[in-house]
Amino acid sequence: MNHDVYLFGQILATRSILLRDGFLKPDEYSEISQQFFLPGGETGTAATVLASLGASVIMDGTWIGTEVAPVLQSFYKDKPVDLSLLTYMQDDPGVTDTVVIAGLVRSPMGRFQTLFSSGKRWWGVPQKEHIAGCRAAGVDPYFGEESLRAAEICTELGIPYVTIDCAHDSLLHRNAAVNAVSHEFTDQHYPGMSPEEIFSLMQAESSGLTIITQGGDDMLYGRRGEPMKRMKPFNVKVKSTLGAGDTFKAGCIYGVMQGLPDDELVRFASACSGIAISRFPLPLNPPTLGEVRELIASQWG
């Protein structure tokens, strides 16, 4: 059975904790408003959003274990998300993280540095037969040679893929249909450079669509040889920013799958993200196609 979208990358179970009265302060009590244990990670969140938009998805990436597998299996049992490519570890709980949230501020916690420095692979290896027949793909850049393999297979098969936070001189950026780059990434990897300078550097290295998001500030986007464009994000009341970037990526994937023009694609992805940050928890309240269209109509006419 073919799926609309192939996703490769981080698939976790996330403990999300929403605080009631502002972010944590040393030696002070904080009241928990809501807390959940639900699917997360860049790829897990994107799968949830794409399924809500009406796309069928097959996920590959992080191995799952005794603690994570039941969360994913229960959550996706009635959704068009195929988990059959995920390796199950019988003697390991799997990868989880914890995120503390208060409005615009959040702090993720996990053991990723320990895992990545272990020298062991704890994720799948993309195969051509799993990607063939899909209309679009999403490839997270975090899994080294396996991420590159996923991108190379997509390129070979002519399947457009969306990636995130890839440097201007990377193969993932060069061959991507869309590279959505966050301001956290540009701040870390291009210190001292303006967003416009970074965009120009990235734009020159790919014929695909480069998008630089800047939180509440204008998004910058465009292709090689074209003028840089700007677009304001949607004006919404923020409840939680957890999953905002992952939802933006999902919106880009949906836009690529539907063949949307660049302006419409960026607007659609931004609307998806705008809805995501207006609610909590995102996995239980992902944006629907009707909601995205309604938000676009309300602010763009």
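The values are calculated or read from the model by the stated rules, or taken from the named source; none is laboratory data. Note that the coordinates shown come from a computational prediction; the quantities given were computed from them, not determined experimentally. Heads up, the Cβs are rebuilt from the backbone with ideal geometry, glycines too, and the neighbour counts pull from every protein chain shown.
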Fill in the blank from the handout: Pairs returned, first residue in the range 171-188 that is free of Cβ contacts under 8 Å to residues at least 40 places away in the same chain, second residue that is among the aromatic types (Phe, Trp, Tyr) and not in a helix (DSSP H, G or I), beta-carbon separation under 8 angstrom, 6 or more apart or interchain, are Asn175/Tyr161; Ala176/Tyr161
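Report whether or not Val49 is within 25 Å of Val256 (Cα to Cα), assigned to a helix (DSSP H, G or I), among the aliphatic types (A, V, I, L, M) and in contact (Cβ under 8 Å) with a residue 24 or more places away in the chain.
yes
In the set Gly54, Gly40, which member is among the small types (Gly, Ala, Ser) and either in contact with a Ser or Thr (Cβ under 8 Å, 6 or more places away or on another chain) or within 22 Å of Val125 (Cβ to Cβ) (or both)? Before the answer, list the steps.
Working: Gly54 fails: either in contact with a Ser or Thr (Cβ under 8 Å, 6 or more places away or on another chain) or within 22 Å of Val125 (Cβ to Cβ) (or both).
Answer to the check: Gly40.
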Problem - Any chance Ser33 is touching a residue at least 40 places away in the same chain (Cβ under 8 Å), more than 25 Å from Trp122 (Cβ to Cβ) and not basic (Lys, Arg) - result: no
Problem - Yes/no for Gly44 being under 24 Å from Thr114 (Cβ atoms) and either in a helix (DSSP H, G or I) or among the aliphatic types (A, V, I, L, M) (or both) - result: yes
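Take residues that are on the phi > 0 side of the Ramachandran plot and modelled with pLDDT of 95 or more and tell me which of the strands (runs of 3 or more DSSP E) falling wholly in the range 161-246 contain 1 or more. Spell out the reasoning first.
Details: elements: 161-164, 178-181, 209-214, 217-222, 229-231.
Here the list reads 217-222.
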Practice task
Name, by its number, the condition in (1) of a type outside the set (A, V, I, L, M); (2) farther than 17 Å from Ser170 by Cα; (3) assigned to a loop (DSSP other than H, G, I, E, B) that does not hold for Gly251.
Solution key: (3)
Completion exercise
The lone condition Ala102 fails out of (1) crowded, with 17+ Cβ neighbours inside 10 Å; (2) more than 24 Å from Ala167 (Cβ to Cβ); (3) modelled with pLDDT of 95 or more is (3)
Fill in the blank from the handout: Quick count over the range 76-98, residues being surrounded by 19 or more Cβ atoms within 10 Å (Cβ to Cβ) and of a type in the set (Phe, Trp, Tyr), is 1
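Taking the residues in the range 92-139 that are of a type in the set (D, E, K, R), in contact with a helix residue (DSSP H, G or I) (Cβ under 8 Å, 6 or more places away or on another chain) and not in a loop (DSSP other than H, G, I, E, B) as candidates, determine which candidate is farthest from Val178 (Cα to Cα). Write out each step before concluding.
Step one: filter the range 92-139 for residues of a type in the set (D, E, K, R), giving 92, 97, 106, 111, 120-121, 128-129, 135.
From what is left, the residues that are in contact with a helix residue (DSSP H, G or I) (Cβ under 8 Å, 6 or more places away or on another chain) are 97, 121, 128, 135.
Within this subset, residues satisfying the condition of being not in a loop (DSSP other than H, G, I, E, B) are 97, 128.
On the way: Asp97: 27, Lys128: 21 Å.
Checked the range 92-139; the qualifying residue farthest from Val178 (Cα to Cα) is Asp97.
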Practice task
Give the number of residues within the range 279-300 that are polar (S, T, N, Q) and within 17 Å of the chain's Cα centre (by Cα).
Solution key: 2
Exercise for the section: Working only within the range 1-30, note down all residues that are surrounded by 15 or more Cβ atoms within 10 Å (Cβ to Cβ), out of contact with any Asp or Glu (no Cβ under 9 Å at 6 or more places or on another chain) and either more than 22 Å from Lys249 (Cβ to Cβ) or without any contact (Cβ under 8 Å) to a residue 24 or more places away in the chain (or both). Expected result: Ile17, Leu18
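Specify which of the listed residues (Glu156, Glu196, Glu146) is surrounded by fewer than 22 Cβ atoms within 10 Å (Cβ to Cβ), of a type in the set (D, E, K, R), in contact (Cβ under 8 Å) with a residue 12 or more places away in the chain and more than 24 Å from Gly61 (Cβ to Cβ).
On the way: Glu156 fails: more than 24 Å from Gly61 (Cβ to Cβ); Glu146 fails: more than 24 Å from Gly61 (Cβ to Cβ).
Answer to the check: Glu196.
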Exercise for the section: Search the range 228-247 for residues being farther than 18 Å from Asn179 by Cβ and more than 19 Å from the chain's Cα centre (by Cα), and hand back the single one that is surrounded by the most Cβ atoms within 10 Å (Cβ to Cβ). Expected result: Val236
